[in-house]
Amino acid sequence: MSNQILKQNIESLNKQLKWLERSFNICKSIGIKDSYRETELDNFETLSGRFARSIDFLVRKVFRSLDDIEFEPQGTLIDTVNNAHKRNLINDINIFNSIRDLRNEIVHEYLEENLIDNFDELLKLTPELIDVINKTIKYANRYISNE
């Protein structure tokens, strides 16, 4: 049963990755500016949402699924992230903490001006998140392909 849940979570993560990469490439081509057109703000808003949802899904669903399969006790989210780090899915725990901090800022920010302040960090940290997602998919596939 755990393998099936992991398989479903990885399928969902693959879809999220596709859309996250798409939004990232659009925003990377827009770049950091003093002012943005409405459509550009829309693109960054989309990237922000996809970034936040991807990190949530990765930690809360996929990392926890891996813990289940590997018989790790279900601890706190910090325990879950530390287990992922032990699996070498996360290169630098400080960068991953920055990703989570940015996620929290995005989720709790409602003013456009304050969200704009996060665009530079968003463009810097999205490739880091994409790297963790790709490593996680590769790691998880060894359990999925053994069904």
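The values are calculated or read from the model by the stated rules, or taken from the named source; none is laboratory data. As the structure is a computational prediction, the values presented were derived from the model and not from experiment. For neighbour counting, all protein chains shown are included, and Cβ atoms are generated from backbone atoms with ideal geometry for every residue, glycine included.
From F96, F63, F71, which residue is out of contact with any strand residue (DSSP E or B) (no Cβ under 9 Å at 6 or more places or on another chain), within 20 Å of S2 (Cβ to Cβ) and assigned to a helix (DSSP H, G or I)? I'd like the intermediate steps shown before the answer.
Working: F96 fails: within 20 Å of S2 (Cβ to Cβ); F71 fails: assigned to a helix (DSSP H, G or I).
Exactly one residue qualifies, and that residue is F63.
One residue is enough: does the range 102-114 have a residue meeting the conditions assigned to a helix (DSSP H, G or I), of a type outside the set (A, V, I, L, M, F, W, C) and either touching a helix residue (DSSP H, G or I) at 6+ places or on another chain (Cβ under 6 Å) or closer than 24 Å to I10 by Cβ (or both)?
Taking the range 102-114 and keeping what is assigned to a helix (DSSP H, G or I), we get 102-107, 112-114.
Going one step further and asking which of them are of a type outside the set (A, V, I, L, M, F, W, C), we end up with 103-105, 112-114.
Checking which are either touching a helix residue (DSSP H, G or I) at 6+ places or on another chain (Cβ under 6 Å) or closer than 24 Å to I10 by Cβ (or both) leaves us with 103.
For the range 102-114, residues assigned to a helix (DSSP H, G or I), of a type outside the set (A, V, I, L, M, F, W, C) and either touching a helix residue (DSSP H, G or I) at 6+ places or on another chain (Cβ under 6 Å) or closer than 24 Å to I10 by Cβ (or both): present.
Restricting attention to the range 59-107, which residues are within 16 Å of the chain's Cα centre (by Cα) and charged (D, E, K, R)?
Of everything in the range 59-107, those that are within 16 Å of the chain's Cα centre (by Cα) and charged (D, E, K, R) turn out to be R60, K61, R64, D92, R100, D101, R103, E105.
Please go through the range 22-57 and pick out each residue that is more than 29 Å from I137 (Cβ to Cβ) and not charged (D, E, K, R). Spell out how you get there, then give the answer.
Pass one, the range 22-57, residues more than 29 Å from I137 (Cβ to Cβ): 32-41.
Selection gives I32, S35, Y36, T39, L41.
In contact (Cβ under 8 Å) with a residue 60 or more places away in the chain and at negative phi: which single residue out of L89, L77, L102, L47 fits that description?
Numbers: L89 fails: in contact (Cβ under 8 Å) with a residue 60 or more places away in the chain; L77 fails: in contact (Cβ under 8 Å) with a residue 60 or more places away in the chain; L102 fails: in contact (Cβ under 8 Å) with a residue 60 or more places away in the chain.
Testing whether each residue is in contact (Cβ under 8 Å) with a residue 60 or more places away in the chain and at negative phi leaves just L47.
Would you mind stating whether I55 is buried (at least 17 other Cβ atoms within 10 Å of the Cβ) and over 17 Å from the mean Cα position of the chain (by Cα)? Explain how you work it out, then say what you get.
On the way: buried (at least 17 other Cβ atoms within 10 Å of the Cβ): yes; over 17 Å from the mean Cα position of the chain (by Cα): no.
It is false that I55 is buried (at least 17 other Cβ atoms within 10 Å of the Cβ) and over 17 Å from the mean Cα position of the chain (by Cα).
What is the residue count in the range 92-147 for residues that are at pLDDT below 90, surrounded by 14 or more Cβ atoms within 10 Å (Cβ to Cβ) and farther than 21 Å from I32 by Cα?
So the count comes out to 2.
When only residues in the range 19-51 that are among the hydroxyl-bearing types (S, T, Y), closer than 17 Å to D117 by Cβ and crowded, with 16+ Cβ neighbours inside 10 Å count, which is nearest to the chain's Cα centre (by Cα)?
Within the range 19-51, the subset among the hydroxyl-bearing types (S, T, Y) is 23, 29, 35-36, 39, 46, 48.
Next, from what is left, pick out any that are closer than 17 Å to D117 by Cβ: 35-36, 48.
Now drop any that are not crowded, with 16+ Cβ neighbours inside 10 Å, which leaves 36, 48.
On the way: Y36: 25, S48: 11 Å.
So the residue we want is S48.
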